[in-house]
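A quick write-up on the structure given underneath.
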Amino acid sequence: MGIFDLNKIKTKDDFPSVLLLYGKDTFTLNEYYNKIIAFLVADEDSKTDFELIDGEENNINNLLALALQLPMLSDKRIIAVRRFDNMFSGRKKKKTENTPFNHYLANPNPSTILILLVEDTDTSSKNKVDNSKEPYDIILSKHSYKEFTQIKENKFTAWIIDRFKQKNITIEQKSAELIVANCHPNLMDIANEIDKISLHYIGQNNILYDEILYIIGYTRSNTIFDLTNAIYYRNMKKAVSIFHNIMKKAGEENVIIYQLASLFYKLYKLIELKGTNKAQNEIARELEIHQYYLSNYMTALQNYSVEEITAAIILINDTDYKLKSMRIDKRLLVEELLVKILEKV
């Protein structure tokens, strides 16, 4: 089969029966995986026939049993396996060609799409996926795969410029260098900073160096995202203080309303998702957030009741309407909204 390219896939029928995603760039690997699942699991029938399992909690026999089952409602059964390497971590190095899983790889179930993930967090040069060892020798020679090699720090600026470009935003080289200089040297933190900047200048297609410097120049307690963190924990004193710092620049009301609406709509959706048996990764995907940030939403859910979340959504919509339709003190209106959401009756 060879190297996998999602852009060349038109329908589920084009998708390979077995796909291995692996490498040291775990951030890009997970983003790519989320795109694949969004493509494959696009309707309710597909959701019924999708299963995500953990290689640390399941053995290869469990995986084979799932892979051999027929789909219930859709044309394909989709099985994703995180930490697939853990299913083989205790094996001896000696090859055993006639294992049941090797037989499956030789003749996979045409009604099943098997997605195997190996996130290699080891910083050494040694790779978890070794094409001289089973089952990787068979997978890499007979099936589809995509490797995500670690991006070196000297490539971060180009990566940042390209990521802004994907959002239809252009920035200067020196702006990308500024972001690199002010972030931890990992793609997750850099991507988070890019999202902050993009949200702050939402709708703007060209962001200048001074504008990015303005955002980065904030102290950590002066950003819209730190305001959100204070709301997670329902810390009114801290939230109001951050709000006043943010409001030193005009025109921030709409950004705050947008962030508040996003937060409470996601919390409302999370109430329903928590009642299911879905894995955290799948819940995060449905909320359109990275799994890393799911714990923040879980914290907020402990601090707000269902009634308070519903009331907050109504208040936010009412405030948004007034901001857009009335001549009013916008700063005071948004501050009143913040207090009403945070205060405990």
Working out 0.36 nm times the residue gap between TYR214 and ASP75, then minus their Cα-Cα distance, what length gain in nm do you get to one decimal?
44.9 nm
Using only the alpha-carbon atoms of the stretch 25-79, report the extent along each of the three principal axes, biggest first, to the nearest angstrom.
33, 29, 12
State, to one decimal in nm, how far the label point of THR121 lies from the label point of MET188, with both points 7 Å from Cα in the Cβ direction.
0.8 nm
Dipole moment magnitude, nearest 20 debye, the chain about Cα centre, only Lys, Arg, Asp, Glu C-beta charged
400 debye
With every protein chain present, what is the per residue accessible area of the stretch 188-282 (1.4 Å probe, Å²)?
49 Å²
For the pair LYS196 and LYS133, how long in nm is the line joining their label points, each one 7 Å along Cα→Cβ?
4.0 nm
Of the accessible area of the chain, with the probe set at 1.4 angstrom, what percent is carbon plus sulfur?
49 percent
Considering Cα pairs under 8 angstrom that are at least six residues apart, work out the relative contact order of the chain and quote it in whole percent.
16 percent
Taking all protein chains together and a probe of 1.4 Å, list TYR214, TYR293, TYR22 from the most accessible to the least accessible.
TYR214, TYR293, TYR22
Convex hull over the Cα atoms of the stretch 60-197, averaged projected area in nm²?
11.7 nm²
Estimate the FRET efficiency between ASN206 and MET247 by the formula 1/(1 + (r/R0)^6), using the beta-carbon distance for r and 30 Å for R0, to the nearest 0.05.
0.75
Share antiparallel - DSSP beta bridges, the chain, percent rounded to 5:
0 percent
If one builds a Gaussian network model of the chain from Cα atoms under 10 Å apart, the most fluctuating residue listed among LYS278, LYS248, LYS330 is LYS248
By its C-alpha gyration tensor, with a ≥ b ≥ c as the square roots of the eigenvalues, how is the stretch 204-320 shaped: rounded for a/c under 1.5, else prolate for a/b larger than b/c, else oblate?
prolate
Note to self: with every protein chain in place and a 1.4 Å probe, the stretch 35-153 gives an accessible area per residue in Å² of 56 Å²
Taking the 0 to 90 degree range and rounding to the nearest ten, how far is the long axis of helix 156-166 tilted relative to the main principal axis of the chain, both from C-alpha atoms?
80 degrees
What value, in deg cm²/dmol to 500, does the helix sum -39500 (n - 2.57) over DSSP H runs of n ≥ 4 give at 222 nm once divided by the residues of the chain?
-15500 deg cm²/dmol
How many angstrom lie between the Cα centre of the stretch 182-219 and the Cα centre of the stretch 39-84?
38 Å
Using alpha carbon positions and the Kirkwood radius, the Rg to Rh ratio of the chain is 1.02
How high is the FRET efficiency from GLU307 to LEU68, r the C-beta distance, R0 41 Å, rounded to 0.05?
0.30
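The values are calculated or read from the model by the stated rules, or taken from the named source; none is laboratory data. What you are looking at is a predicted structure, and each value in this text was computed from that prediction instead of being measured. Quick reminder, even Gly has a Cβ in these numbers, built from the backbone with ideal geometry, and neighbours come from all protein chains shown. The protein model used for the area step is the full one, side chains on, heavy atoms only, and it has no ligands, DNA or RNA in it. Shrake-Rupley method; radii C 1.70, N 1.55, O 1.52, S 1.80 Å.
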